[in-house]
Amino acid sequence: MSELLEKEARVEKALREGDKQSAVPDLYDLIVAYAKQKNFAKAEALRDRLFEADPMALSEIVESAEIIEQEKSESRDEVHMKAFAPLYASLSAEEANAFYFALNSVLFEADHPVLKEGERNTRLYLIDQGEVKLTHGEEGQEVSLKTLAAGAMFGAETFFSRTAFSTFSACTITAVRAMALDNSALKTWRDAFPGLEGKLAGHCFRSGGTQELLDRKALHRRNQDRIHISGTVGLQLLGKDGKPMGKPFKGGFIDISKGGVAFSVRMSKPETARVLLGRRILMTCHLPLRGGMKGLRTSGRIIGIEPLPFNEYSIRVRFDKELPQKLLDNLDLSSSARSPDLDLKIE
């Protein structure tokens, strides 16, 4: 049996016998030893054990935590840290370690497709070395958006659930060494590091996202013009069988086009918004036309969600079937759309 395992056995025996006085210094020594071996999972588990054994051993608890964080900091990859120095400078030491140790190292050969336009993605990629090209399909042609190098990130729009499907493709130009972060990390950080998600998002979007690149090159995700319209719309999620499920709810119109619609809804939890991404939804309303109102009942898929102030979210839906242009040309924009009576079930 190794020296560390023997010491762990002595600690457990001391704790069973109620001998905290001898268990605490041994636990502290074990935490330091495992931290220096870079076995951080074991070191943190023993630190939790120390806290359970004697919550009043504040000196040992605090010092062991500092040693773990210090050893973590010293074990971080220098190439990665240099490439993303501005990001790490914006984080506290604890946030930086939580972020770094949630990353997974990935290697790609040259000419390897990492993301495909129109497909789902839950990862944020951080390039340590190499080059990646971003492209967008427009009218059957592949249009170059940007070439990314060390220190750049991509995949943020889908990672932060602003869109359900990638609006661009990413392919390596050279061999690429990168770090990947799955968005499940956001949930684990929410309580321990509540400011980390906001700092990361701010860094990702500070210089603009993919939409800015598309706008700069006069490209659009849809070929139809968006018509700004006011009023309310009735909404209800659809199940896998295509049938309405749950209670209907109201949304506020933002804009409409042949291919889709955007509306705002109030949601108290970010997790609720993320769950909606990719779901199919039924929309019913009375559209104001010149000469009267016309009922509209159509379905589509939620392809994008963006946060708005005061717990509201902008939700973008792509219709299953495009609306007639004649209907849009006849809209009376001086009047408001109206949702149906939501006390009645939408069928």
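Values computed for the structure shown
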{"quantity": "Debye intensity ratio I(q)/I(0), log10, the stretch 1-73, q values 0.11, 0.13, 0.17, 0.28 Å⁻¹ (C-alpha model)", "calculated": "-0.23, -0.32, -0.55, -1.33"}
{"quantity": "Tail beyond 14 Å, pair distance distribution of the stretch 262-347 (Cα, percent)", "calculated": "70 percent"}
{"quantity": "Separation of the LEU5 and GLU138 label points, Cα + 7 Å toward Cβ, nm", "calculated": "6.3 nm"}
{"quantity": "Potential extension, MET293-MET81 segment - 0.36 nm per residue separation minus Cα distance", "calculated": "70.4 nm"}
{"quantity": "Fraction of the pair-distance distribution of the stretch 100-208 above 22 Å, Cα-Cα pairs, percent", "calculated": "30 percent"}
{"quantity": "Per-residue HN-Hα couplings for the stretch 22-37 [Karplus 6.51, -1.76, 1.60; θ = phi - 60°; Hz; x = Gly/Pro]", "calculated": "8, 6, 4, x, 5, 4, 4, 4, 5, 4, 4, 4, 5, 5, 5, 7"}
{"quantity": "Euclidean distance between Cα centres, the stretch 74-99 to the stretch 132-180, Å", "calculated": "23 Å"}
{"quantity": "Heavy-atom accessible surface of the stretch 230-347: percent carbon and sulfur, 1.4 Å", "calculated": "52 percent"}
{"quantity": "Hydrodynamic radius by Kirkwood, which averages 1/r over all alpha carbon pairs of the stretch 61-111, in angstrom", "calculated": "12.3 Å"}
{"quantity": "For the stretch 106-183: accessible area per residue (Å², 1.4 Å)", "calculated": "44 Å²"}
{"quantity": "For the chain, alpha-carbon Rg relative to the globular expectation (2.2 N^0.38 Å, N residues)", "calculated": "1.30"}
{"quantity": "Viscosity 0.692 mPa s, 37 °C: Kirkwood-radius Stokes-Einstein D of the stretch 88-158 over Cα pairs, µm²/s", "calculated": "232 µm²/s"}
{"quantity": "Efficiency of FRET from Cβ geometry, ALA89 and ALA33, R₀ 35 Å, rounded to 0.05", "calculated": "0.65"}
{"quantity": "Extension reserve of the GLU322-SER264 stretch, reckoned as 0.36 nm per residue once the Cα distance is removed", "calculated": "18.8 nm"}
{"quantity": "Fraction of accessible area attributable to carbon and sulfur, the stretch 1-108 (%, probe 1.4 Å)", "calculated": "53 percent"}
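The values are calculated or read from the model by the stated rules, or taken from the named source; none is laboratory data. Please read all numbers here as calculations on a predicted model, not as lab measurements. Note that we place each Cβ from the backbone using ideal geometry, even for glycine, and neighbour counts take in every protein chain shown. Ligands, DNA and RNA are stripped out before the accessible areas are found, and what is left, the full protein with its side chains, is counted by its heavy atoms. Shrake-Rupley method; radii C 1.70, N 1.55, O 1.52, S 1.80 Å.
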